[in-house]
Amino acid sequence: IQQPMVMIAWPTTYNGEESQASLDTLSEVLGGGTNSVLYQDLVKTQKAVDAGSFHDCAELACNFYVYAMGDSGDKGDLSKLYDELLQSLNQFAEKGVTEDRLEQLKGKAEADAIFALESVKGKVTQLASNETFFGDPDRLEQQLEQIRAVTPTSVEKAYTDFIQ
């Protein structure tokens, strides 16, 4: 089964840099779940089958991705979907993110970081990656502080600096 998809990627920053939390939050605002900008603009209006975004940080660098999956009946013509995707991003640039939505996403990110430590695997993964990449196995509090420091302005700045 062929499923046409538009995916756009931008290089962003490096793992642990201070704007990473704002970029992670931006990815949730744009593409995280049914309340996200891309879902509301593209999927709910049936312009796309699926749409979302994610901020992926690897060992040396991070990339920000947005995607939209078209209907397989469109024969792979993605130009209209591409334009709709860019239009959604432009509308976000004009509107920004509300404080209420941001608080909701920050609470979710903080809870996810803490709940990841429930299992032995989660604890080991957290300790090992923080020791390997940052030389500090007990770095969770710094990560939580970065999440708490995210503001609507920092999210909009991340969008302007890396995406727009």
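Please treat every number below as a calculation from the coordinates, not as lab data. This one's a predicted model, so the numbers in the text were calculated from it and none came from an experiment. Counting neighbours? That spans all protein chains shown, and the Cβs are built from the backbone with ideal geometry, glycine included.
Overview of values
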quantity	calculated
Cα pair distances of the range 5-163 binned at 5 Å [whole percent]	2, 9, 17, 20, 18, 14, 10, 7, 3, 1, 0
Reach of Lys47 by Cα under 17 Å, taken over lysines that are not fewer than 8 positions away in the same chain	Lys75, Lys80
Euclidean distance of C-alpha centroids, the range 13-44 and the range 93-164, integer Å	12
Residue-averaged 222 nm ellipticity for the chain, from DSSP H runs of 4+ at -39500 (n - 2.57), nearest 500	-15000 deg cm²/dmol
Range in the chain, longest, excluding exposed trypsin sites (Lys or Arg not before Pro) [loop by DSSP; at most 15 other beta-carbon atoms within 10 Å]	76-164
Under 5 Å, built H, 5+ apart or other chain: amide partners of Asp50	Met69
